[in-house]
Amino acid sequence: MTQDNSPSSAEPIVHMAKVNKSFGDLHVLKDIDLTIQPGEVVVVIGASGSGKSTLIRCINGLEEFQHGHIEVDGNELLPNGRSSRALQRIRTEVGMVFQQFNLFPHLSVLDNVSLAPMKVRGWSRTDAVETAERLLERVGIADQARKYPSQLSGGQQQRVALARALAMEPRLMLFDEPTSALDPEMIGEVLDAMRELAREGMTMVVVTHEMGFAREVADRVVYIHKGEIVEQAAPDVLFDSPQHERTQNFLSRVL
Ligand code: ADP
Ligand code: MG
(Lines give C-alpha, C1' and ligand atoms only; values in the text may rest on other atoms or scores of the structure.)
(Ligands and ions follow the chains in the order given, each with its own letter.)
Protein backbone atom coordinates (compact mmCIF):
# COMPACT_ATOMS: atom_id res chain seq x y z
CA MET A 1 0.00 0.00 0.00
CA THR A 2 1.36 3.42 -0.86
CA GLN A 3 1.28 6.13 1.72
CA ASP A 4 0.05 9.60 0.82
CA ASN A 5 2.10 12.16 2.69
CA SER A 6 0.56 15.27 1.16
CA PRO A 7 -0.34 17.83 3.86
CA SER A 8 -4.07 17.65 3.14
CA SER A 9 -4.19 13.98 4.04
CA ALA A 10 -2.14 14.13 7.27
CA GLU A 11 -3.83 13.91 10.66
CA PRO A 12 -4.45 17.50 11.74
CA ILE A 13 -2.58 18.59 14.86
CA VAL A 14 -5.41 20.94 15.83
CA HIS A 15 -9.03 20.39 15.01
CA MET A 16 -11.63 22.80 16.37
CA ALA A 17 -15.26 22.14 15.53
CA LYS A 18 -18.15 24.50 16.30
CA VAL A 19 -16.36 25.93 19.33
CA ASN A 20 -18.38 28.47 21.27
CA LYS A 21 -17.13 30.37 24.26
CA SER A 22 -18.76 33.02 26.43
CA PHE A 23 -17.62 35.08 29.38
CA GLY A 24 -20.95 35.44 31.16
CA ASP A 25 -23.27 37.13 28.66
CA LEU A 26 -20.43 38.00 26.31
CA HIS A 27 -20.31 35.54 23.41
CA VAL A 28 -16.61 35.68 22.51
CA LEU A 29 -16.10 32.73 20.13
CA LYS A 30 -18.85 31.80 17.69
CA ASP A 31 -18.86 28.43 15.92
CA ILE A 32 -15.13 28.36 15.39
CA ASP A 33 -14.02 25.69 12.91
CA LEU A 34 -10.28 25.56 12.48
CA THR A 35 -7.99 22.77 11.34
CA ILE A 36 -4.21 22.99 11.44
CA GLN A 37 -1.89 20.48 9.79
CA PRO A 38 1.53 19.49 11.14
CA GLY A 39 4.17 21.95 9.95
CA GLU A 40 1.68 24.71 9.12
CA VAL A 41 2.22 28.28 10.23
CA VAL A 42 -1.12 29.96 10.81
CA VAL A 43 -1.30 33.67 11.62
CA VAL A 44 -4.43 35.00 13.32
CA ILE A 45 -5.31 38.65 12.74
CA GLY A 46 -8.20 40.84 13.85
CA ALA A 47 -9.08 43.94 15.83
CA SER A 48 -8.48 44.22 19.55
CA GLY A 49 -11.23 42.40 21.46
CA SER A 50 -12.18 40.16 18.52
CA GLY A 51 -11.31 36.97 20.42
CA LYS A 52 -7.82 36.12 19.14
CA SER A 53 -6.29 35.46 22.57
CA THR A 54 -9.32 33.52 23.72
CA LEU A 55 -9.12 31.38 20.57
CA ILE A 56 -5.54 30.32 21.07
CA ARG A 57 -5.93 29.97 24.85
CA CYS A 58 -8.71 27.45 24.18
CA ILE A 59 -6.27 25.36 22.13
CA ASN A 60 -4.05 24.64 25.14
CA GLY A 61 -6.87 24.57 27.65
CA LEU A 62 -6.09 27.87 29.34
CA GLU A 63 -9.74 28.79 28.73
CA GLU A 64 -12.74 26.52 28.96
CA PHE A 65 -15.40 26.64 26.27
CA GLN A 66 -19.08 25.77 26.44
CA HIS A 67 -19.91 24.07 23.14
CA GLY A 68 -18.09 22.21 20.42
CA HIS A 69 -14.89 20.24 20.64
CA ILE A 70 -11.16 20.65 20.23
CA GLU A 71 -8.64 17.94 19.45
CA VAL A 72 -4.94 18.63 19.84
CA ASP A 73 -2.58 15.93 18.60
CA GLY A 74 -5.20 13.29 19.31
CA ASN A 75 -6.11 14.61 22.77
CA GLU A 76 -9.73 15.71 22.99
CA LEU A 77 -10.81 18.76 24.96
CA LEU A 78 -14.47 18.69 25.90
CA PRO A 79 -16.74 21.61 26.78
CA ASN A 80 -16.78 22.94 30.34
CA GLY A 81 -13.42 21.49 31.28
CA ARG A 82 -14.46 17.82 31.25
CA SER A 83 -11.11 16.57 29.99
CA SER A 84 -8.46 16.71 32.70
CA ARG A 85 -6.14 13.95 31.41
CA ALA A 86 -6.13 15.30 27.87
CA LEU A 87 -5.46 18.72 29.35
CA GLN A 88 -2.30 17.49 31.08
CA ARG A 89 -0.98 15.95 27.89
CA ILE A 90 -1.81 19.03 25.85
CA ARG A 91 -0.03 21.28 28.32
CA THR A 92 3.18 19.28 27.92
CA GLU A 93 2.92 19.13 24.12
CA VAL A 94 1.95 22.72 23.39
CA GLY A 95 4.34 25.60 24.02
CA MET A 96 3.12 29.14 24.46
CA VAL A 97 4.78 32.54 24.25
CA PHE A 98 2.83 35.51 25.58
CA GLN A 99 2.98 39.25 25.08
CA GLN A 100 4.33 39.61 28.61
CA PHE A 101 7.28 37.26 28.82
CA ASN A 102 6.18 35.62 32.11
CA LEU A 103 9.69 34.49 33.04
CA PHE A 104 10.42 33.44 36.62
CA PRO A 105 12.12 36.58 37.99
CA HIS A 106 14.01 34.78 40.76
CA LEU A 107 15.58 32.22 38.42
CA SER A 108 18.54 32.68 36.10
CA VAL A 109 17.98 32.46 32.36
CA LEU A 110 19.45 28.96 32.35
CA ASP A 111 17.18 27.82 35.19
CA ASN A 112 14.13 29.37 33.51
CA VAL A 113 14.78 27.22 30.46
CA SER A 114 15.85 23.98 32.19
CA LEU A 115 13.25 23.84 34.99
CA ALA A 116 10.21 22.40 33.20
CA PRO A 117 12.03 19.58 31.40
CA MET A 118 13.35 18.40 34.80
CA LYS A 119 10.06 18.83 36.69
CA VAL A 120 7.60 17.73 34.03
CA ARG A 121 9.61 15.45 31.76
CA GLY A 122 11.88 14.06 34.48
CA TRP A 123 15.12 14.86 32.69
CA SER A 124 18.39 14.83 34.60
CA ARG A 125 19.87 18.22 35.40
CA THR A 126 22.78 17.50 33.04
CA ASP A 127 20.47 16.78 30.11
CA ALA A 128 18.20 19.73 30.85
CA VAL A 129 21.10 22.17 31.14
CA GLU A 130 22.71 20.85 27.96
CA THR A 131 19.44 21.31 26.07
CA ALA A 132 18.91 24.76 27.59
CA GLU A 133 22.37 25.87 26.50
CA ARG A 134 21.77 24.60 22.99
CA LEU A 135 18.42 26.44 22.78
CA LEU A 136 19.86 29.68 24.15
CA GLU A 137 22.55 29.42 21.51
CA ARG A 138 19.90 28.90 18.87
CA VAL A 139 17.99 32.06 19.84
CA GLY A 140 21.24 34.00 20.04
CA ILE A 141 21.60 34.63 23.79
CA ALA A 142 23.94 31.91 25.01
CA ASP A 143 26.08 34.60 26.65
CA GLN A 144 23.16 35.67 28.91
CA ALA A 145 22.61 32.27 30.53
CA ARG A 146 23.77 33.25 34.05
CA LYS A 147 21.83 36.51 34.18
CA TYR A 148 18.40 37.14 35.66
CA PRO A 149 15.43 38.25 33.52
CA SER A 150 15.47 41.80 34.90
CA GLN A 151 19.03 42.23 33.58
CA LEU A 152 17.94 41.56 29.99
CA SER A 153 16.26 43.69 27.35
CA GLY A 154 12.68 42.91 26.36
CA GLY A 155 13.81 41.30 23.13
CA GLN A 156 16.26 39.07 25.01
CA GLN A 157 13.62 38.14 27.60
CA GLN A 158 11.20 37.15 24.87
CA ARG A 159 13.86 34.96 23.27
CA VAL A 160 14.39 33.29 26.67
CA ALA A 161 10.63 32.69 26.80
CA LEU A 162 10.85 31.10 23.36
CA ALA A 163 13.79 28.89 24.40
CA ARG A 164 11.91 27.91 27.56
CA ALA A 165 8.88 26.80 25.54
CA LEU A 166 11.07 24.89 23.07
CA ALA A 167 12.85 23.05 25.89
CA MET A 168 9.70 20.97 26.37
CA GLU A 169 10.01 19.75 22.77
CA PRO A 170 6.52 20.94 21.90
CA ARG A 171 4.57 19.54 18.96
CA LEU A 172 2.85 22.90 18.53
CA MET A 173 3.77 26.47 19.44
CA LEU A 174 1.24 29.20 20.20
CA PHE A 175 2.25 32.86 20.15
CA ASP A 176 0.01 35.62 21.49
CA GLU A 177 1.30 38.98 20.23
CA PRO A 178 4.89 38.08 21.11
CA THR A 179 6.28 41.42 19.93
CA SER A 180 3.55 43.80 21.09
CA ALA A 181 5.26 44.71 24.36
CA LEU A 182 8.67 45.29 22.75
CA ASP A 183 10.41 48.48 21.79
CA PRO A 184 10.46 48.73 17.98
CA GLU A 185 14.18 48.04 17.67
CA MET A 186 13.74 44.66 19.41
CA ILE A 187 10.85 43.35 17.35
CA GLY A 188 13.09 42.13 14.54
CA GLU A 189 15.24 39.85 16.67
CA VAL A 190 12.18 38.03 18.05
CA LEU A 191 10.55 37.73 14.63
CA ASP A 192 13.85 36.38 13.27
CA ALA A 193 13.88 33.63 15.89
CA MET A 194 10.26 32.78 15.05
CA ARG A 195 11.01 32.79 11.32
CA GLU A 196 13.86 30.35 11.91
CA LEU A 197 11.57 28.09 13.93
CA ALA A 198 9.01 28.12 11.12
CA ARG A 199 11.72 27.24 8.63
CA GLU A 200 12.66 24.23 10.73
CA GLY A 201 9.11 22.96 10.35
CA MET A 202 7.52 23.80 13.70
CA THR A 203 3.73 23.96 13.67
CA MET A 204 2.83 27.46 14.81
CA VAL A 205 -0.25 29.55 15.53
CA VAL A 206 0.71 33.19 15.80
CA VAL A 207 -1.51 36.10 16.83
CA THR A 208 0.26 39.21 15.60
CA HIS A 209 -0.17 42.66 14.11
CA GLU A 210 3.09 42.24 12.20
CA MET A 211 1.62 41.98 8.72
CA GLY A 212 5.03 41.76 7.05
CA PHE A 213 5.83 38.68 9.13
CA ALA A 214 2.41 37.22 8.30
CA ARG A 215 2.89 37.75 4.60
CA GLU A 216 6.36 36.25 4.60
CA VAL A 217 6.08 33.36 7.04
CA ALA A 218 2.43 32.28 7.22
CA ASP A 219 1.05 29.41 5.21
CA ARG A 220 -2.42 30.67 6.05
CA VAL A 221 -3.85 33.84 7.56
CA VAL A 222 -7.08 33.70 9.55
CA TYR A 223 -9.10 36.89 9.97
CA ILE A 224 -11.37 36.96 13.01
CA HIS A 225 -14.04 39.60 13.65
CA LYS A 226 -16.22 39.68 16.78
CA GLY A 227 -15.52 36.04 17.56
CA GLU A 228 -16.13 34.69 14.07
CA ILE A 229 -13.68 33.50 11.45
CA VAL A 230 -14.65 35.72 8.53
CA GLU A 231 -12.05 34.54 6.06
CA GLN A 232 -8.90 32.42 5.88
CA ALA A 233 -6.51 32.06 2.99
CA ALA A 234 -2.88 32.05 1.95
CA PRO A 235 -1.33 35.43 2.81
CA ASP A 236 -1.03 36.75 -0.74
CA VAL A 237 -4.67 35.87 -1.37
CA LEU A 238 -5.97 37.33 1.90
CA PHE A 239 -3.88 40.50 1.78
CA ASP A 240 -4.13 41.24 -1.94
CA SER A 241 -7.66 40.13 -2.74
CA PRO A 242 -9.73 39.72 0.43
CA GLN A 243 -13.18 38.40 -0.37
CA HIS A 244 -15.17 39.94 2.45
CA GLU A 245 -15.91 43.58 3.05
CA ARG A 246 -15.03 43.25 6.75
CA THR A 247 -11.61 41.88 5.87
CA GLN A 248 -11.10 44.68 3.35
CA ASN A 249 -12.03 47.29 5.97
CA PHE A 250 -9.72 45.81 8.57
CA LEU A 251 -6.80 45.54 6.16
CA SER A 252 -7.29 49.09 4.89
CA ARG A 253 -6.79 50.26 8.50
CA VAL A 254 -3.70 48.16 9.31
CA LEU A 255 -1.75 47.78 6.08
P1 ADP B 1 -8.20 39.86 21.47
O2 ADP B 1 -7.09 38.96 21.92
O3 ADP B 1 -8.60 39.66 20.05
O4 ADP B 1 -7.92 41.30 21.77
P5 ADP B 1 -9.64 38.60 23.62
O6 ADP B 1 -9.75 37.18 23.25
O7 ADP B 1 -8.64 38.97 24.63
O8 ADP B 1 -9.50 39.49 22.30
O9 ADP B 1 -11.03 39.09 24.18
C10 ADP B 1 -12.27 38.91 23.49
C11 ADP B 1 -13.38 39.51 24.31
O12 ADP B 1 -13.51 38.76 25.52
C13 ADP B 1 -13.14 40.96 24.72
O14 ADP B 1 -14.39 41.63 24.70
C15 ADP B 1 -12.63 40.83 26.13
O16 ADP B 1 -12.93 41.99 26.87
C17 ADP B 1 -13.37 39.62 26.64
N18 ADP B 1 -12.63 38.88 27.67
C19 ADP B 1 -11.41 38.34 27.52
N20 ADP B 1 -11.01 37.69 28.64
C21 ADP B 1 -12.03 37.84 29.52
C22 ADP B 1 -12.25 37.40 30.87
N23 ADP B 1 -11.34 36.65 31.52
N24 ADP B 1 -13.41 37.74 31.46
C25 ADP B 1 -14.34 38.48 30.80
N26 ADP B 1 -14.21 38.90 29.53
C27 ADP B 1 -13.07 38.60 28.90
MG1 MG C 1 -5.25 39.38 22.69
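The values are calculated or read from the model by the stated rules, or taken from the named source; none is laboratory data. Just so you know, these numbers come straight off a predicted model, no measurement behind them. Ligands, DNA and RNA are excluded from the accessible area calculation, which covers all protein heavy atoms including side chains. Shrake-Rupley method; radii C 1.70, N 1.55, O 1.52, S 1.80 Å.
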Ranked from the most accessible area to the least, with a 1.4 Å probe and all protein chains present, what is the order of LYS52, LYS30? LYS30, LYS52
Whole-Hz couplings from phi, Karplus 6.51/-1.76/1.60, listed for region 160-176; x for Gly and Pro: 5, 4, 5, 4, 4, 5, 5, 4, 7, 6, x, 8, 8, 10, 10, 10, 10
Calculate the radius of gyration of the Cα atoms of region 82-152 to one decimal place, then report Dmax, the largest Cα-Cα distance, as a whole number, both in Å. 13.5, 44
Quick tally, 1.4 Å probe accessible area for ASP176, ASP183, sorted with the most first, runs ASP183, ASP176
Take the chain, connect every pair of alpha-carbon atoms lying under 10 Å apart with a spring to form a Gaussian network, then pick out the residue of GLU231, GLU71, GLU200 with the largest mean-square fluctuation. GLU200
Taking only pairs that are 8 or more places apart or on different chains, how many Lys pairs in region 12-151 have Cα atoms under 20 angstrom apart? 5
Keeping all protein chains in the complex and leaving out DNA, RNA and ligands, what accessible area do you get for ARG246 with a 1.4 Å probe, in Å² to the nearest 10? 130 Å²
Can you list residues from other chains, or at least 5 along the same chain, whose modelled amide H is less than 5 Å from the amide H of MET96? LEU174
How much accessible area does VAL28 have with a 1.4 Å probe, in Å² rounded to the nearest 10? 20 Å²
Most fluctuating of GLY155, GLY51, GLY122 in the GNM of the chain (C-alpha, under 10 Å) is GLY122
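Could you calculate, for region 34-110, the ratio of the Cα radius of gyration to the Kirkwood radius, expressed as Rg to Rh? Before the final figure, lay out each step's value.
On the way: Rg = 14.2 Å, Rh = 14.3 Å.
Taking Rg over the Kirkwood Rh, I get 1.00.
Taking each pair of distinct Cα atoms in region 212-255 once, what is the resulting Kirkwood hydrodynamic radius in Å?
Numbers: mean 1/r = 0.0958 Å⁻¹.
10.4 Å is the Kirkwood radius here.
In Å², and per residue, what accessible area does region 100-255 have when probed at 1.4 Å with the other protein chains present?
Working: 7410 Å² over 156 residues.
Per residue, region 100-255 has an accessible area of 47 Å².
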Largest-first ordering by accessible area, 1.4 Å probe, given options MET186, MET173: MET186, MET173
Taking springs between alpha-carbon atoms closer than 10 angstrom, which of LEU115, LEU77, LEU55 fluctuates most in the Gaussian network model of the chain? LEU115
Cα-Cα P(r), region 107-255, percent of pairs per 10 Å interval: 11, 35, 30, 16, 8, 0
From phi via Karplus (6.51, -1.76, 1.60), per-residue ³J(HN,Hα) for region 48-54 in Hz, x at Gly/Pro: 4, x, 7, x, 5, 4, 4
Taking H placed 1.01 Å from N in the peptide plane, check which residues at least 5 places from VAL28 or on another chain put their amide H under 5 Å from its amide H. LYS21, SER22, PHE23
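How fast does region 128-181 diffuse by Stokes-Einstein, in µm²/s, taking the Kirkwood radius from C-alpha pairs at 37 °C and 0.692 mPa s? Display every interim value, and only then the final one.
Details: Rh = 11.7 Å.
Here the translational diffusion coefficient equals 282 µm²/s.
If N is the number of residues in the chain, what value comes out of its Cα radius of gyration divided by 2.2 N^0.38 Å? Before the final figure, lay out the partial values.
Details: Rg = 18.4 Å, N = 255, 2.2 N^0.38 = 18.1 Å.
The reported ratio for this selection is 1.02.
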